[in-house]
Structures are given as structure tokens and as C-alpha cells.
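Visitor: Can you read through this structure? Questions will come right after.
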Amino acid sequence: MVPAMAPRKIIIDTDPGQDDAVAILLALASREELDVLGITAVAGNVPLALTQRNARIVCELAGRPDMRVFAGADAPIHRALVTAEHVHGKTGLDGPPVPDPDMDLQAQNAVDFIIETLMEHPPGTVTLVPIGPLTNIALAFEKAPEIVPRVAEIVLMGGAYFEVGNITPAAEFNIYVDPEAAEIVFKSGVPLVVMPLDVTHKALTSRARVEAFRAMGTETGRMVAAWTDFFERFDMEKYGSEGAPLHDPCTIAYLLKPDLFSGRHINVAIETQSDLTRGMTVADWWRVTDRAPNAMFIGDLDAEGYFALLTERLARLP
Ligand code: RIB
Ligand code: CA
């Protein structure tokens, strides 16, 4: 009998956002494999007051009012906040109306929680999963550089190369909002797994996939289907696609089933100087430079397998 692996300890850093919500639900439904030490909210899709509220709503939906949710940065390090209500709606979780959460927000700042957690746990045992702008992660690295070598790995959603940008012609939203923070993270030396639009745009919902959520007959299934219905209208109109990309759950799915994904270990640099291309992830996919590889840049996934995993795991929740 092979002893079960101990659950992987993770911190999810997030700006919910309907797709963030599905990522959090997937993680909380996978307790044999993932030990979510805490959820840290960052300003992104909507302002911080809403992202920290939304993170708590999702935890309650998952039946986890015990989960610790922390609020972090309310703006990028050096720039004004850019939000995405046009995609996620005014609340960030538009779709069905949801009541305010009952569970408390933790008093500790998210950045201090990230630092404290990395210092408390042995080096190489905590994985960071940022699925919004990288402000909290960068601030933690700047405030306490000693935590950087202690991070096991960062599995993030952000960037784009062949798929080009979604918020500007050159940049993907999470990187665009705080390119200086992204530069700190991409230059940190921490092992990176990057889920760019190149792969998340292949993780498209469809009527059948959304109906599979709804057919669960649970509150979680009903909410995920309703959030996806709302969230997909923007991408379907913009790209003429059948469904919407479920971006953020790709990070959690990778932690659960890495074989669903494929990519290349390459150099990825962040544009921070140009107004025209700010936030572009310059991925050396063809290795034409001598810049050292710093990221596993994911380009493809088994979409059927991804949605099968999502459906199977979300069905575990109430
Ligand atoms: O560009 C997609 C990313 O931006 C996703 O993380 C989505 O939630 C938004 O934050
Ligand atoms: Ca997000």
C-alpha cells in the first residue's frame, strides 16, 4: 500500500472574478491533494473591498466558513488600478444575486500573512497560486526577501504570447494591471509555472459543459453554471467563440493533474517601460535569446480532461 502523499500546502492569491471563484471551489473540493493555508485577496477585476468580499462568499458556498481570507493590496505598486467590470460585472461575481458573507475577514494584512506563512513552514513546502495581479506577491518579496528562496513554486494565471493580449493588443489583464509586480515575480528565481491565455483560451466552456455543472443539482453547481453563463457573454461576443475561457482553474487543475497540460521551460520577461506594450510577457518560445529560462510556459491542455476533472470535483461540494 503506497502511503498517500501529504496534501500540498498552497496559498491562493485572487481577485474574484467568476473564474477565480471556480478555481477556489476546485481547490477546496480537493482536500486529499491540496491544503489551502489561506486565501489572499488583491485588487484586480474589481476593487479590493469586493474581491475580499467575493472570496468569502465563495468559501461559504463551498461550506468552508472556517477558511481564512485576508485582504491585501488595494492598488498596483506604482500605478493606478485598472479593473474589469466590463467582463465580471459591477460586483465581480455578477450573475445570480448573492447575499453578503457572514464569515469574518482576517484582520492581518494578506502580505504579512504570506510572509508569516512562508517563514513558519519549512523551505520548499508552500506553493503560491496567484490568479490575479501579482501585487501582493511582489510586495511580500520586497518586504521580506528572505521568503523568496523558501517558496516551493509559483503556479500563476497570467500573460500571453501567441494568443496576444486581452486588455490591450499586447498584454493580458493580470500582468497589465501591475507589470512592475510581475517583473519582480518573474525575476525572483522562484520556479514558475505560467498559465497564459495561450492555454486558457483552449479551456472553453460550452453549453454541454455548463449544463454538466447545472445538472449536479447542488448550490455549487447552480452558482458555477450561472456565473459561467454571465462570464462567457463577453468572450463569446469578442472572440465569436462557443464559450468562455475558464482561465484561473487551470492553475489548480495543474496542481491536481499536471499531465493535462504541456508547455516549454523558457525565458519570460515583462515589458514595463513602453506605454504601447506595457505588461506584455515576452516569451522566448523559440529560444532565440541567451536569456536564462525562468518559467514553464504552458501552451496546451486536454480540455476534455480538464472539464471532466472540474465537474467531478465540484460535484463534491454542497
Ligand atoms: O486575463 C484573465 C485573468 O484576468 C483572470 O485571472 C481573470 O480572473 C482576470 O483576473
Ligand atoms: Ca483572476
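Visitor: Suppose every K and R has +1 on its Cβ and every D and E has -1 on its Cβ; what is the size of the dipole of the range 1-113 about the Cα centre, in Debye to the nearest 20? It would help to have the intermediate numbers written out before the result.
Guide: Numbers: 9 positive and 16 negative charges, 30 e Å.
My answer is approximately 140 debye.
Visitor: What ³J(HN,Hα) values, in whole Hz, does the Karplus curve 6.51 cos²θ - 1.76 cosθ + 1.60 give for the range 104-117 when θ = phi - 60°, with x put for Gly and Pro?
Guide: 7, 7, 5, 6, 5, 5, 4, 5, 5, 5, 4, 4, 4, 5
Visitor: Further, regarding this structure: Would you calculate a helix-derived [θ] at 222 nm for the chain, using -39,500 (n - 2.57) for each DSSP H run of n ≥ 4 and dividing by the full residue count, to the nearest 500?
Guide: On the way: 12 runs with 115 residues, N = 318.
Value at 222 nm, helices only, nearest 500: -10500 deg cm²/dmol.
Visitor: In the range 1-113, if the dipole is taken from +1 on Lys/Arg beta carbons and -1 on Asp/Glu beta carbons about the Cα centre, which of Ala75, Ala49, Ile10 is farthest to the positive end?
Guide: Looking along the dipole axis, the top candidate is Ile10.
Visitor: Turning to a different aspect of this structure: I need the semi-axes of the equivalent ellipsoid of the range 1-103: take the C-alpha gyration tensor, multiply each eigenvalue by 5, square-root it, list largest first in whole angstrom. Intermediate results must be reported in sequence, preceding the final value.
Guide: Working: eigenvalues 138, 49, 26 Å².
Sorted largest first and rounded, they come to 26, 16, 11 Å.
Visitor: Which residue fluctuates most in the GNM of the chain (Cα springs below 10 Å): Ile252, Ile184, Ile270?
Guide: Ranking Ile252, Ile184, Ile270 by mean-square fluctuation puts Ile184 first.
Visitor: Then there's this: Roughly how many debye, to the nearest 20, is the charge dipole of the chain about its Cα centre, given +1 on each Lys and Arg Cβ, -1 on each Asp and Glu Cβ, and no other charges? Display every interim value, and only then the final one.
Guide: Numbers: 26 positive and 44 negative charges, 64 e Å.
Dipole magnitude for the chain comes out near 300 debye.
Visitor: If you take the charge dipole of the range 70-207 about its Cα centre, with +1 on Lys and Arg Cβ and -1 on Asp and Glu Cβ, which of Ser188, Thr168, Gln108 is farthest toward its positive end?
Guide: Result: Thr168, furthest along the dipole toward the positive end.
Visitor: If you don't mind, there's one more thing I want to ask. Report the calculated FRET efficiency for Arg222 and Asp290 (r = Cβ-Cβ distance, R0 = 45 Å), to the nearest 0.05. Walk me through the numbers before you get to the answer.
Guide: Values: r = 52 Å, r/R0 = 1.16.
So the FRET efficiency works out to roughly 0.30.
Visitor: Now for a different question. So how much slack lies between Glu120 and Ala6, counting 0.36 nm per residue of separation and subtracting their Cα-Cα distance, in nm?
Guide: Working: separation 114, 0.36 × 114 = 41.04 nm, distance 1.76 nm.
Here the answer is 39.3 nm.
Visitor: State to the nearest 20 debye the size of the charge dipole of the range 162-286 about its Cα centre, where the only charges are +1 on K and R beta carbons and -1 on D and E beta carbons.
Guide: Working: 11 positive and 18 negative charges, 82 e Å.
Computed charge dipole of the range 162-286: roughly 400 debye.
Visitor: A follow-up question, please. What distance in nm lies between label points placed 7 Å from Cα along the C-beta direction at Ala208 and Asp112?
Guide: For the pair Ala208/Asp112, the computed spacing is 5.2 nm.
Visitor: Compare Asp248, Asp290, Asp19 in a GNM of the chain, Cα atoms joined below 10 Å, and give the one with the largest fluctuation.
Guide: Residue with maximal mean-square fluctuation among Asp248, Asp290, Asp19: Asp290.
Visitor: Select from Ala55, Ala292, Ala84 the residue whose mean-square fluctuation is largest in a Gaussian network model of the chain (Cα-Cα springs shorter than 10 Å).
Guide: Ala292
Visitor: To continue, here is another question. Using 0.36 nm per residue, how much length does the chain from Ser274 to Lys143 gain when fully extended, once their Cα-Cα distance is taken away?
Guide: Details: separation 131, 0.36 × 131 = 47.16 nm, distance 2.66 nm.
So the chain would gain 44.5 nm between Ser274 and Lys143.
Visitor: For Val36, list long-range residues whose amide hydrogen, built 1.01 Å from N in the peptide plane, is under 5 Å from its own amide hydrogen.
Guide: Under 5 Å from the amide H of Val36: Ile10.
Visitor: What is the Cα centroid distance between the range 192-249 and the range 44-102, reported in whole angstrom?
Guide: The distance from the Cα centre of the range 192-249 to that of the range 44-102 comes to 18 Å.
Visitor: Which is farthest toward the positive dipole end of the range 1-151 among Cys59, Val22, Asn136, measuring Cα position about the Cα centre, with Cβ charges +1 (Lys, Arg) and -1 (Asp, Glu)?
Guide: It is Asn136, whose Cα lies furthest towards the positive end.
Visitor: Pairs of lysine in the chain with Cα under 28 Å and at least 8 positions apart or on different chains: total?
Guide: 11
Here, each number is a calculation from the coordinates, and none is a lab measurement. Just so you know, these numbers come straight off a predicted model, no measurement behind them. Note that each Cβ is placed from the backbone with ideal geometry, even for glycine, and that neighbours are counted across all protein chains shown.
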